[in-house]
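Written below as structure tokens is the structure these notes are about.
The values are calculated or read from the model by the stated rules, or taken from the named source; none is laboratory data. Owing to the predicted nature of the structure, the values given are computational and were not obtained by experimental measurement. Heads up, the Cβs are rebuilt from the backbone with ideal geometry, glycines too, and the neighbour counts pull from every protein chain shown.
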Amino acid sequence: MGLQEDNRHLEDADRKYIWHPFTQMREWEEATPVIITEGRGSFVKDSCGRWYLDGVSSLWVNIFGHRKKEIDDAIKAQVDRISHSTLLGLSNEPAIRLAEKLVTLMNVSFGQAEGPPPAKVFYSDNGSTAVEVALKMAFQYWQHRGETQKRSFLSLNNAYHGDTLGAVSVGGVAIFHEAFGPLLFQTYKAPSPYCYRCELGREYPACNLACADALEEIMKNHHQEIAGLIIEPLVQAAGGMIVSPTGYLRRVHELCSTYDLLLIADEVATGFGRTGRMFASEHENVVPDIICLSKGITGGYMPLAATVATEEIYRAFLGEFKDLKTFFHGHSYTGNPLACAAAVACLDIFAKEDTLREMKPKIELLDDWLRQMQAVPHVGNVRSRGLMAGLELVLDEKTKEPYDWQEKIGWKVAHHALDNGVFIRPLGNVIVVMPPLNISIENLGRLLTVLRDAVISATA
Ligand code: PMP
């Protein structure tokens, strides 16, 4: 089969056999799919031989890009030993080494703040399951402590914690979540800290964090029924890269302490350097009771997640076998050795390459670019933390009138960018920039130039 013929076969077979996630398949069937065959550094190559700069680290996961030697080598070495063995009734070396590393990281990141850092690692294999585990753990923690009324959760509008039903129950993005309403458990919902479109009609900083006051009101009235609050620290990512105002997370943490709610930090998107610190919670000196980690943990190589809980939570589950305090949860691929070996290698790179420090000039470049983009017509709001940015496009900057979602302005920008060698994936009207943390400054510059042109062309 010739190259062209083989390519046509792949395109047809894709349309025939794959049901793509978050995709209207009728549109997909009518389009020509971009089929990725190779990756190197911050670039991916398609089956026609075209290279693209990956502006969103695949789905925010490839923090060190592709073909990263250390991770490649770690996986190859692990394949030569063993690829899978269960954590139910057995343990394995990479899972142990990774847990040790994660807890050490927790101590480094949170050791100086008040409160003991998370210290026990529970593995699963994606961000949604990390959240499911956290919710079940938090619920059962209170049950074991005899506080049986504490069985609801508090979460935020515009929150996104994954696609499984528990995660959707604590989610708050109408377009993704509303359809499943009848299947979900009830939770308390507080306003999103979304200053550009404040639900309370207030202005920061004069508002004095009125959205946190609204959250407190819920806690004051219902804390006896609420097991925990789940939050994406600093950035509500899939909800539209909504960056919370300074002091908000800190305040939320204080309220959780006052009203005795567990604080569950969903750092699936913000964790592992993305915001310029190892974990976003660090920026406001907040120590979560439970932290959910995934995405960047293996550098995008293998599906893996960790839910890390404090010793106190863990201890509530200890007892005699007959007490049935065991945490009855676990997946087939929990603690998969290949994934854990990839994660150990990935996390070692942070120290070896001084990633967080190396990110600084790139964060500055991105921030400068965002400031300049603010002056571009139809850019309503720009927001970022670290190498995690969103540009909200609007029909009218003065009135903030949004583009009709059916106009798919974000996708128009993405298509322009793709034609010019850059891959991004928008969130509705929000253009997302989340390149690999180790992207070179030259490639970041190139990415931003293409994106600027794409925004101008698509909104003209
Ligand atoms: N939590 C957050 C904050 C996320 O951004 C995501 C994924 N975008 C998830 C959870 C779910 O992760 P996964 O897609 O791996 O299930």
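So Thr326 clears everything in (1) within 16 Å of the ligand (Cβ to nearest atom); (2) among the hydroxyl-bearing types (Ser, Thr, Tyr); (3) assigned to a loop (DSSP other than H, G, I, E, B) except one condition, right? Which one?
Only one criterion is unmet by Thr326, namely (1).
Could you run through the stretch 415-451 and say how many residues are out of contact with any strand residue (DSSP E or B) (no Cβ under 8 Å at 6 or more places or on another chain) and closer than 25 Å to Thr32 by Cα?
Counting residues in the stretch 415-451 that are out of contact with any strand residue (DSSP E or B) (no Cβ under 8 Å at 6 or more places or on another chain) and closer than 25 Å to Thr32 by Cα gives 5.
Which one is surrounded by the most Cβ atoms within 10 Å (Cβ to Cβ), of the residues in the stretch 401-442 that are of a type in the set (S, T, N, Q) and under 23 Å from the mean Cα position of the chain (by Cα)?
Asn429
Within the stretch 249-271, restricting attention to residues that are assigned to a strand (DSSP E or B) and more than 28 Å from Arg357 (Cα to Cα), which residue is nearest to the ligand (Cβ to nearest atom)?
Leu263
Looking only at the stretch 329-377, how many residues end up being farther than 17 Å from Leu448 by Cβ and either over 20 Å from the mean Cα position of the chain (by Cα) or not hydroxyl-bearing (Ser, Thr, Tyr) (or both)?
29
So, in the stretch 388-406, exactly how many residues are in a loop (DSSP other than H, G, I, E, B) and either touching a helix residue (DSSP H, G or I) at 6+ places or on another chain (Cβ under 6 Å) or basic (Lys, Arg) (or both)?
Residues meeting the conditions: 3.
For Ala206, all conditions in the list (1) within 24 Å of Phe185 (Cα to Cα); (2) free of Cβ contacts under 8 Å to residues at least 60 places away in the same chain hold save one; what is the number of the exception?
Exception for Ala206: condition (1).
In the stretch 1-43, how many residues are of a type in the set (Ser, Thr, Tyr), in contact with a strand residue (DSSP E or B) (Cβ under 9 Å, 6 or more places away or on another chain) and not in a loop (DSSP other than H, G, I, E, B)?
1
Kindly indicate which of Val432, Val455, Val450, Val413 is hydrophobic (A, V, I, L, M, F, W, C) and assigned to a strand (DSSP E or B).
Val432
Residues in the stretch 269-290 that are β-branched (Val, Ile, Thr) and closer than 11 Å to Ile230 by Cβ: how many?
So the answer is 1.
Can you tell me which residues in the stretch 44-67 are farther than 17 Å from Pro426 by Cα, in a strand (DSSP E or B) and either in contact (Cβ under 8 Å) with a residue 24 or more places away in the chain or within 16 Å of the ligand (Cβ to nearest atom) (or both)?
Hits for the stretch 44-67 are Val44, Trp51, His66.
Which is in contact with a Leu (Cβ under 8 Å, 6 or more places away or on another chain) and crowded, with 18+ Cβ neighbours inside 10 Å, of Tyr204, Tyr248, Tyr194?
Answer to the selection: Tyr248.
State the number of residues belonging to the stretch 272-323 that are touching a residue at least 12 places away in the same chain (Cβ under 8 Å), over 20 Å from Ser124 (Cα atoms) and part of a helix (DSSP H, G or I).
6
Given the criterion within 14 Å of the ligand (Cβ to nearest atom), of a type in the set (Gly, Ala, Ser) and more than 23 Å from Arg40 (Cβ to Cβ), identify the matching residue among Ala309, Ala305.
Ala305
Of all the residues that make up the stretch 92-111, how many are over 23 Å from the mean Cα position of the chain (by Cα) and in contact (Cβ under 8 Å) with a residue 24 or more places away in the chain?
Residues in the stretch 92-111 being over 23 Å from the mean Cα position of the chain (by Cα) and in contact (Cβ under 8 Å) with a residue 24 or more places away in the chain: 4 in total.
Cβ-Cβ distance below 9 Å, separation of 6 or more or different chains: which pairs start in the stretch 116-128 with a residue that is at pLDDT below 95 and away from the ligand (no atom under 15 Å from the Cβ) and end on one that is among the charged types (D, E, K, R) and part of a helix (DSSP H, G or I)?
Correct list of pairs: Pro116/Glu311; Pro116/Glu312.
Just need a number here: residues in the stretch 418-447 that are touching a residue at least 24 places away in the same chain (Cβ under 8 Å) and under 17 Å from Glu392 (Cβ atoms).
Counting residues in the stretch 418-447 that are touching a residue at least 24 places away in the same chain (Cβ under 8 Å) and under 17 Å from Glu392 (Cβ atoms) gives 10.
Glu216: surrounded by fewer than 24 Cβ atoms within 10 Å (Cβ to Cβ), over 29 Å from Asn126 (Cα atoms) and not hydroxyl-bearing (Ser, Thr, Tyr), yes or no?
When the stated conditions are applied, Glu216 passes them.
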